[in-house]
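Worksheet: the structure to be examined is printed underneath.
Each reported figure results from applying straightforward, stated rules to the coordinates on display, with no laboratory input. Keep in mind the model is a prediction, meaning the values are calculated, not measured. Don't worry about glycine lacking a Cβ; one is built from the backbone with ideal geometry, like all the others, and counts go over all protein chains shown.
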Amino acid sequence: MYLFIIMFAIFILYIINSMTDAFCSRREIPDEKQARVFRFTNICLTILLTSTYVKLFFT
């Protein structure tokens with residue numbers, strides 16, 4: 001079960017990062033701001049995935 005959740009989290013992070021990359025390309029966001037957008041997105045997703053993991057296994 002743990003392996004499935006880890007693979008699912010990696011898959012979700014990959015998909016969201018590719019969507020964020022497409023968004024930055026389409027909106028022509030400068031490279032300096034792209035790093036902030038990716039950092040914000042990845043931090044938020046990591047928090048969401050971690051809280052889901054905690055809720056599934058510790059409640």
Self-check item: Rounded tilt (10° steps) of 31-58 against the dominant C-alpha axis of the chain
Solution: 10
Practice problem: Could you list the residues of region 14-41 with an amide nitrogen less than 17 Å from a label point located 7 Å from the Cα of residue 47 in the Cα-to-C-beta direction? | Solution: 36-41
Practice problem: Give me Rg over Rh for the chain, both radii from the alpha carbons and Rh done the Kirkwood way, two decimal places. | Solution: 1.10
Quiz prompt | Principal-axis tilt of helix 2-27 within the chain, Cα atoms, nearest 10 degrees | solution = 20
Self-check item: FRET efficiency, residue 17 to residue 56 (Cβ-Cβ, R0 22 Å, nearest 0.05)
Solution: 0.45
Exercise. Would you be so kind as to identify which of 54, 23, 3 lies farthest towards the positive end of the dipole of the chain, taking Lys and Arg as +1 and Asp and Glu as -1 on Cβ and the Cα centre as origin?
Key: 54
Exercise. Let me have the 222 nm mean residue ellipticity of the chain computed from DSSP H runs of 4+ only, each contributing -39500 (n - 2.57), with the sum over all residues rounded to the nearest 500.
Key: -32500 deg cm²/dmol
Quiz prompt | Distance between region 16-35 and region 37-59 - C-alpha centres, whole angstrom | solution = 21
Practice problem: Order by neighbour count: 53, 14, fewest other Cβ atoms within 10 Å first, most last. | Solution: 14, 53
